[in-house]
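Peer 1: I have a structure here, written as structure tokens, and I will follow up with some questions on it.
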Amino acid sequence: MARTSPTAATIIAYNVGFGDCMLLRFTYAGGARKHVLIDFGTTKWPDKFRPKSLTTVANKIADECGGTLDVVVATHRHTDHISGFAGESGKIIASLKPSVVVQPWTEKPNLAVDARGVRPPASTGSSHTTSRQFAAQLNDLHDLADQVRSQVPRLRATSGVPKTLVNQLNFLGETNLKNAEAVKALQAMGKRHVYASFGTDLRLADVLPGVEVQVLGPPTLTMSRDIASMTDTDADEFWHLAARAGGRGRSAAATVGKPIFPHARFGRMAPQEARWLIPKIDRMQADELLSLVRILDAVMNNTSLILLFNVGVTGLLFPGDAQLENWRYALHDAPNSAAIRKRLARTSVYKVGHHGSLNATPRTMLWNNFTRVGAANESERLITILSTASGKHGNEDQATEVPRKRLVTELKTKSRLYNTQDCDEKTSWWRTVDVPLR
Ligand SMILES: [Zn+2]
């Protein structure tokens, strides 16, 4: 390693419940330190051992970084990754004067179709989504989330709709809100801004000496269209519905808020003998809305930055909430994917994707490729960091619960797992992970 390389690396994972907030520290000979804040948000505070508020977390970050942040990374726009950048807590983070703020290309304000590296080649034809259209669609999805959420009180008051279903609708609706204040605060922060995509050179050599940061995702639309669409047929239908619903001059509510049977509302005046049907219709509508918000949740997840920090041969992997469609380009479709897989194989630290959902840790292409998984010698074993809260997202009956039990078992048995849910001392609502540099 070069003389200017870090001599130690530490990650502090704050227990924000369902959300991510991690501070990455590099220490240099002579005691100098550099700090990278990766995400700061929550949708659900943990039930116990939690910080009192986002301000408490922000003050702790300020304390830990000694008053200066070098880099702020906001992997994607979800509430559970950026809510802390708004309000009082956001002001505290801004006062730490980060040198560089890194966000995915989809967050670039006034995204231009002809932005370098983002323009779809002419050969793709005009029927394809342009970057600007995609950004507009992402915006529409937020409106849609807002509308879905507005249905929650009505559905909650309906006897035929299970409480767990309504809770999930509310949770996913909230996660996918626009978060305009946090987005604005992030734009105002930082001496330099980078809106990155696969392969972007972040030019961090001066900011983080001896650390090479590789951007593995998201791909641009030129590279891959997977992030803008879903492979599943039903999902496709919902995507079209989503795009239509966001059309100008017609509010998302007009489409989404409508019962699937347009005359269902008249059913409220139905004769006594037909009234049993009403809760069933509401239940069907709730199911349909849930499928819809799940899809828009996944689309937004796939705009996540995937960052690999390399210090010598030590790799620290932070994939945000990226799901398979985002990962596929780096791991499979990119011209240099073989070299990327080779480099990823020796990963030392893996921030578990999307709070431990199964489709954010590609099993064959990523997990099985990590050589440190299951290493007999504990000091050689892969370190995993999981920031999550059970019982908020997905459901066990459908094997979609987050974190997914099967994955957590694998993490526990084959890696050194640091789970924010295991903050078991009343005095600490964070987990400190010392990373051996090799
Ligand atoms: Zn998340």
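Peer 1: So what's the projected area for segment 285-438, the Cα convex hull averaged over all directions, in nm²?
Peer 2: Result: a mean projected hull area of 10.5 nm².
Peer 1: Only sites in a loop by DSSP and with at most 16 other Cβ atoms within 10 Å count here; which trypsin sites (Lys or Arg not before Pro) in segment 1-68 make the cut?
Peer 2: Answer by residue number: ARG3, LYS48, LYS52.
Peer 1: Further, regarding this structure: Reachable aspartates and glutamates from LYS34, Cα under 14 Å, same-chain residues fewer than 8 places away excluded?
Peer 2: The reachable aspartates and glutamates, counting only those whose Cα sits under 14 Å from LYS34, are ASP63, GLU64, ASP70, ASP206, GLU212.
Peer 1: So what are the ³J(HN,Hα) numbers for segment 135-141, from phi and the Karplus equation (6.51, -1.76, 1.60; θ = phi - 60°), rounded to whole Hz, Gly and Pro as x?
Peer 2: Residue by residue, segment 135-141 yields 4, 5, 5, 4, 4, 4, 4 Hz.
Peer 1: Loop-only GluC sites (Glu not before Pro) in segment 384-438, please: DSSP not H, G, I, E or B, and at most 15 other Cβ atoms within 10 Å.
Peer 2: The qualifying sites are GLU425.
Peer 1: Moving on to the next point. For a quick check: with amide H placed at 1.01 Å from N, whose amide H comes under 5 Å from TYR418's, ignoring anything fewer than 5 positions away on the same chain?
Peer 2: Here THR384, ILE385, LEU386 satisfy the definition.
Peer 1: Under 1.5 on a/c is rounded, so check that first for segment 10-111, then, if it is not, pick prolate when a/b is larger than b/c and oblate when it is not; a ≥ b ≥ c are the square roots of the alpha carbon gyration tensor eigenvalues.
Peer 2: Note, shape of segment 10-111 comes out oblate.
Peer 1: A further question on this structure: What accessible area per residue, rounded to a whole number of Å², is obtained for segment 360-433 using a probe radius of 1.4 Å?
Peer 2: Here the residues of segment 360-433 average 51 Å² of exposed surface.
Peer 1: Segment 134-212: which trypsin sites (Lys or Arg not before Pro) are DSSP loop and have at most 11 other beta-carbon atoms within 10 angstrom?
Peer 2: LYS191, ARG203
Peer 1: Additional query: From the cross-link list LYS48/LYS97; LYS191/LYS342; LYS52/LYS405; LYS108/LYS392; LYS44/LYS405, which pairs have alpha carbons spaced over 26 Å apart?
Peer 2: Pairs exceeding the cut-off: LYS48/LYS97; LYS191/LYS342; LYS52/LYS405; LYS108/LYS392.
The values are calculated or read from the model by the stated rules, or taken from the named source; none is laboratory data. This is a predicted model, so every value here is computed, not measured. Virtual Cβ from ideal backbone geometry, glycine too; neighbours counted across all protein chains shown. These accessible areas exclude ligands, DNA and RNA; they are computed on the full protein's heavy atoms, side chains included. Shrake-Rupley method; radii C 1.70, N 1.55, O 1.52, S 1.80 Å.
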